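Where a number appears in this text, it was derived from the coordinates with a stated rule and is not lab data. Everything numeric here is computed off the predicted structure, so don't read it as measured data. All Cβ positions, glycine included, derive from the backbone under ideal geometry; neighbour counts span all protein chains shown.
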Amino acid sequence: MNQLVLPLRLADHAVFASFLNHGNETLVGTLAGLSAGEPGQGCWLWGAVATGKTHLLQAVCDQAGDRSVYLPLDMLAAAGPGVLDGLASRGVVCIDDIDRVAGQEDWEVALFNLFNDLQESGGQLIVSAGSAPRECGIALADLASRMSRLAVFQVQMLDEQQRVAALQLRAKHRGLELPDDTAAYMLKRSRRDMASLYSLLDKLDLEALRAQRRLTIPFVRDVLGHDQQK
């Protein structure tokens, strides 16, 4: 069953260098330390959708390399808790959307055993959820107790100015120049959550490469107008 999770690829942009850590400096520093091998039991990240939880978990795995594994439970929950078998052999186990299986006895027992095995082997567990551990819906008291030992961080949302900076940082990581006015235009003409904005940036990157154009407001307007006509 473990083979189900191993082929999952990390997003090429999901590294610490492309994450705007404003308001999340302590969290990012903690994760960078854990992924570099500093001691610690792990941590629990929680926050709203599209605040960067998946990005950070994958950045941990990018830095930790082969001694880490990333499991998105939103994708793997249906495969059953057997996907956790043997993962304690990894130094860092990152589980995304752990609340997806909260309250399911078989999963909670498997997570409890994984936590204990990681503690015995000196490994670390890093998980994400939409809420703090006490509000997550974990029914198994022993698992809830174990999770309470993890350092807990709420991933802070970005304001409008910071979203512009985050878009520009992502663009720079992709080798693109995103002017202030173009980034501001994107925020006005697109859904404002970072997942949607990053998706738009990915599309603009592809279209700009095809057309050999810069990311100007007229170019973005043309791309968005073409999409609306489809």
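Using 0.36 nm per residue of separation minus the Cα-Cα distance, give me the extension gain between ALA132 and ASP222 in nm, one decimal.
28.2 nm
Listing ILE95, ILE126 from the residue with the fewest other Cβ atoms within 10 Å to the one with the most, what is the order?
Arranged by neighbour count, lowest to highest, ILE95, ILE126 become ILE95, ILE126.
If you find the alpha carbon centre of the stretch 143-200 and of the stretch 25-57, how far apart are they in angstrom?
That distance is 15 Å.
Along the charge dipole of the chain, pointing to its positive end and built from +1/-1 on Cβ of Lys, Arg, Asp and Glu, which listed residue (LEU143, TYR185, GLY23) has its Cα farthest out?
Farthest towards the positive end: TYR185.
Rounded if a/c is under 1.5, else prolate if a/b beats b/c, else oblate: with a ≥ b ≥ c from the C-alpha gyration tensor eigenvalues square-rooted, which is the stretch 2-154?
rounded
Can you work out the Karplus-derived ³J(HN,Hα) for every residue in the stretch 201-212? Use 6.51 cos²θ - 1.76 cosθ + 1.60 with θ = phi - 60°, whole Hz, and x for glycine or proline.
4, 4, 5, 5, 4, 5, 5, 5, 5, 5, 8, 6
Which FRET efficiency, nearest 0.05, do LYS203 and ALA151 yield, Cβ-Cβ r, R0 30 Å?
0.25
Describe numerically, in nm with one decimal, the distance between label points set 7 Å from Cα along Cα→Cβ at ARG192 and at ARG210.
If labels sit at ARG192 and ARG210, their model points lie 3.0 nm apart.
Step through the residues of the stretch 42-52 one at a time and calculate ³J(HN,Hα) from phi using the Karplus curve (6.51 cos²θ - 1.76 cosθ + 1.60, θ = phi - 60°), rounding each to whole Hz and writing x for Gly and Pro.
x, 7, 10, 9, 9, x, 5, 4, 6, 9, x
Who wins for biggest fluctuation among SER68, SER128, SER199 in a Gaussian network model of the chain, springs between alpha carbons below 10 Å?
SER199
So, in nm, how far is label GLN162 from label GLU177 when the simple model puts each one 7 Å beyond its Cα toward the Cβ?
That separation, rounded to one decimal, is 2.8 nm.
Where both partners of a DSSP beta bridge lie in the chain, what percent of those bridges are antiparallel, to the nearest 5?
The antiparallel proportion sits near 0 percent.
Which net charge results when you count Lys and Arg as +1 and Asp and Glu as -1 among the other residues whose beta-carbon is under 11 Å from that of ASP96? Present the calculation step by step, with values, prior to reporting the outcome.
Working: positive: LYS53, ARG100; negative: ASP74, ASP97, ASP99.
For residues surrounding ASP96, the net value is -1.
According to the Kirkwood expression over distinct Cα-Cα pairs, how big is the hydrodynamic radius of the stretch 160-229, in Å?
11.9 Å
Mind putting a number on the dipole of the stretch 2-154 about its Cα centre? Charges go on the C-beta only, +1 for Lys and Arg and -1 for Asp and Glu, and I need it in Debye to the nearest 20.
220 debye
Name the residue farthest towards the positive end of the dipole of the stretch 39-112 from the options GLY52, VAL101, ALA77, assuming +1 on Cβ of Lys and Arg, -1 on Cβ of Asp and Glu, about the Cα centre.
Farthest towards the positive end: GLY52.
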